[in-house]
Each structure stands twice: as C-alpha cells, then as structure tokens.
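Structure first, then comments.
The values are calculated or read from the model by the stated rules, or taken from the named source; none is laboratory data. Remember, it's a predicted structure, so these values are computed and weren't measured experimentally. Cβ placement follows ideal geometry from the backbone for every residue including glycine, while neighbour counts extend to all protein chains displayed.
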Amino acid sequence: MAGAGDDQTPHIADEVLHAPDSIEVVEVGGESALLLRRDGRVVSVDTVEIKDGLIAAYRRVLNPEKLAHV
C-alpha cells in the first residue's frame, strides 16, 4: 500500500486525479472490467460487483506491477 514517502505515492495520485484518454470494457479474471488508458498505457482496471441489482463493491487496481499483466 502506498503511503507518505513511498515512491509510488505521486504516481498513484496522478492516475486518480486525471481523466483517462480511453475506457474499454474487457474481461479480467473472468469478470467484466473497465480498462482505463492514458497516453496509450493502462492506468487502472475497475470492476463492479452487483448483488440484488445494487452495487455491492467497486474495485480499482492502480498498482503498475499488476497492470503490466493486463
């Protein structure tokens, strides 16, 4: 987890604060996901868990090491 003084902190803040250039619907780990790109690279993968017609969980992966596999 990124925190104060962590080398990833500025990178993660940048990814969260700026709009993506494109958003694609893809399959990741057997689930539908939103793949967000900026400047041609993946900046996040978001999934939404629906239960009883309501959003039960929203997950966002920002870790560059994990995104390298997408």
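Tabulated results
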item: Residue that is surrounded by the most Cβ atoms within 10 Å (Cβ to Cβ), among those in the stretch 44-67 that are over 8 Å from the mean Cα position of the chain (by Cα) and among the acidic types (Asp, Glu); result: Glu49
item: Filter result (hydrophobic (A, V, I, L, M, F, W, C), within 19 Å of Glu65 (Cβ to Cβ) and either assigned to a loop (DSSP other than H, G, I, E, B) or modelled with pLDDT of 90 or more (or both)) within the stretch 19-42; result: Val26, Ala33, Leu35, Leu36, Val42
item: Residue among Val61, Val16, Val45 that is modelled with pLDDT under 90 and of a type outside the set (Ser, Thr, Tyr); result: Val16
item: Count of residues meeting criterion [touching a residue at least 40 places away in the same chain (Cβ under 8 Å) and among the β-branched types (Val, Ile, Thr)] in the stretch 27-70; result: 2
